[in-house]
Amino acid sequence: MTYNYKGDFMQLQIRKATIQDAEQLSQLLSELVYEPSNLSALTKQLEKIAQTPHYQLTVACDGDTIAGTATGIVCWDTCGACQNFLVIENVVTAPAYRGKGVGRAIFHWLEDWARTQDCEYAILVSTHTRIDAHAFYREIGYTQECGFKKLLD
């Protein structure tokens, strides 16, 4: 599934990432975690993701440049009506593209894809220090709930 987004300043192609995107993704994801990305490990993960239909590592491309990315994973719920839901992770837009609709286009693509997977809702977790990102999430319709995280040894 490919989605073309025409904004005020650019035209983006939104699609599932491929192994050919590994080097640019590695650099972009380093922006998110403030440390170098392991290109070899990322390439191996991209190979697995390519074979996993309920897992989307999405890229927004301005020509040959990756302007932003986010990961979407469909989870199969086991309680109540057992509705699927989407988990969104690793959302990052390249600094030169922030505020230009890239994040909005990525979320639109992920949410449309999630609907095709019979997802009832989408959730994400964001570090408490990412205040600008939180404002963006609220702006596009996400409500702030309570989440917890534990690092495993």
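How would R130, R15 rank on accessible area, largest to smallest, probe 1.4 Å?
Values: R130 75, R15 50 Å².
The most accessible residue leads, giving R130, R15.
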Normalised alpha carbon radius of gyration of the chain [divisor 2.2 N^0.38 Å]: 1.03
Exposed chymotrypsin sites (Phe, Trp or Tyr not before Pro) absent - longest run of the chain, DSSP non-H/G/I/E/B, at most 12 other C-beta within 10 Å: 35-147
Theoretical ellipticity at 222 nm over the chain - DSSP helices of four or more residues, -39500 (n - 2.57) apiece, nearest 500: -9500 deg cm²/dmol
Accessible area per residue, Å², the chain with all protein chains present, probe 1.4 Å: 64 Å²
Percent accessible area from carbon and sulfur atoms, the stretch 59-101, protein chains only, probe 1.4 Å: 52 percent
Linear extension gain, Q117 paired with A81, 0.36 nm per residue minus alpha-carbon span: 11.5 nm
Ranking by accessible area, most exposed first, for H128, H134 with a 1.4 Å probe: H128, H134
Estimated distance in nm for a label pair at N38 and L151, the labels positioned 7 Å out from Cα along Cα-to-Cβ: 1.5 nm
Within straight-line cross-link reach of K100, lysines at Cα separation under 20 Å, skipping those fewer than 8 residues along the same chain: K6
Kirkwood-based shape ratio for the stretch 85-129, expressed as Rg/Rh from alpha carbons: 1.02
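The values are calculated or read from the model by the stated rules, or taken from the named source; none is laboratory data. Quick caveat: nothing in here was measured; it's all calculated off a predicted structure. When we count neighbours, we look across all protein chains shown, and the Cβ atoms used for this are built from the backbone with ideal geometry, even at glycine. When the accessible area is computed, the model is the full protein with side chains, heavy atoms only, and any ligands, DNA or RNA have been set aside. Shrake-Rupley method; radii C 1.70, N 1.55, O 1.52, S 1.80 Å.
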